[in-house]
Amino acid sequence: MSKQTTSFVYVTYISSTREKVFEAITRPEIARRYWGHANVSDWKVGSRWEHVRDNEERTVNIVGKVVEVAPPSRLVITWASPSQANDPASYSRVTFDLEDYDGDMVKLTVTHDELEADSGMAKGISKGWPVVLSSLKSLLETGRGLDVFAKPKTA
C-alpha cells in the first residue's frame, strides 16, 4: 500500500533579481540571515545538501540531495529529517522556480511535494515556509530578515 502524499505551493514576489534570490537560497551566509539556517552544498546534481541550524552546535536539521540546478531559474532538492535519511520513502522534494516579473521583480514559486500526508514534516512545512519566504523577501528588499523562530502572541 502506498502512502498518501500532499504538497504545498507558495508564491511570493520580491523586488530583486533572479540572481540575488537564487544566491540567497544557495549561499550559507545569506540563508543564515533570513532562515536561521545555512544551506550547505556544492550545488552540483547528485551532491548532498544540509540545512544547518545557526546555533553553537551547528545542528543539521534537514538533509537531501541536489536533483536539478539551473541558476538563476530553478533548483530542485530532496528533503528529509536526518533520522530518516536512510529511508528513501521518507524524502520529499522542494522545487524553487524563479522568473522575472514585470520590471524589477522576481516571482518565486516554491513547491514542496511528495510529503507524507498528515506527517509531522507536512505540518511543520505548512507553518515554516510562509515565514521563511516572508523573511527572505524582507531581507532582500530591506536588508533585514524576520525572526523566523518568533511565536504568535497569545491574548
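Scanning region 11-35 for residues that are of a type in the set (Phe, Trp, Tyr) and surrounded by 16 or more Cβ atoms within 10 Å (Cβ to Cβ) yields Phe22, Tyr34, Trp35. Among the conditions (1) over 24 Å from Leu115 (Cα atoms); (2) among the charged types (D, E, K, R); (3) touching a strand residue (DSSP E or B) at 6+ places or on another chain (Cβ under 6 Å); (4) surrounded by fewer than 18 Cβ atoms within 10 Å (Cβ to Cβ), Lys3 misses just one, which is (1). Inspect all residues belonging to region 93-112 and state whether any of them is part of a loop (DSSP other than H, G, I, E, B), surrounded by fewer than 17 Cβ atoms within 10 Å (Cβ to Cβ), among the polar types (S, T, N, Q) and in contact with a strand residue (DSSP E or B) (Cβ under 8 Å, 6 or more places away or on another chain). Within region 93-112 (the criterion being part of a loop (DSSP other than H, G, I, E, B), surrounded by fewer than 17 Cβ atoms within 10 Å (Cβ to Cβ), among the polar types (S, T, N, Q) and in contact with a strand residue (DSSP E or B) (Cβ under 8 Å, 6 or more places away or on another chain)), the answer is no, since none of the residues qualifies. For region 112-152, filtering for residues that are of a type in the set (Gly, Ala, Ser) and at pLDDT below 95 leaves 8. Across region 36-78, which residue is surrounded by the most Cβ atoms within 10 Å (Cβ to Cβ) among those that are part of a loop (DSSP other than H, G, I, E, B) and of a type in the set (S, T, N, Q)? Going through the qualifying residues, I end up with Ser41.
The condition of being of a type in the set (A, V, I, L, M), touching a residue at least 24 places away in the same chain (Cβ under 8 Å) and more than 21 Å from Phe8 (Cβ to Cβ) holds for only one of Val52, Val110, Val106, that being Val52. Contact annotation: residue pairs with Cβ atoms under 8 Å, 6 or more positions apart or on different chains, pairing a residue in region 78-98 that is at pLDDT 95 or above with a partner that is part of a loop (DSSP other than H, G, I, E, B), are Thr78/Tyr91; Trp79/Tyr91; Ala80/Asp87; Ala80/Tyr91; Asp97/Ser73; Leu98/Pro72; Leu98/Ser73.
Within region 128-147, is even one residue at positive phi and without any contact (Cβ under 8 Å) to a residue 12 or more places away in the chain? Scanning region 128-147, I find at least one residue that is at positive phi and without any contact (Cβ under 8 Å) to a residue 12 or more places away in the chain, so the answer is yes.
Scanning region 99-155 for residues being farther than 29 Å from Pro88 by Cβ and charged (D, E, K, R) gives a total of 11.
The values are calculated or read from the model by the stated rules, or taken from the named source; none is laboratory data. Please read these numbers as outputs of a predicted model, since none were measured by experiment. Heads up, the Cβs are rebuilt from the backbone with ideal geometry, glycines too, and the neighbour counts pull from every protein chain shown.
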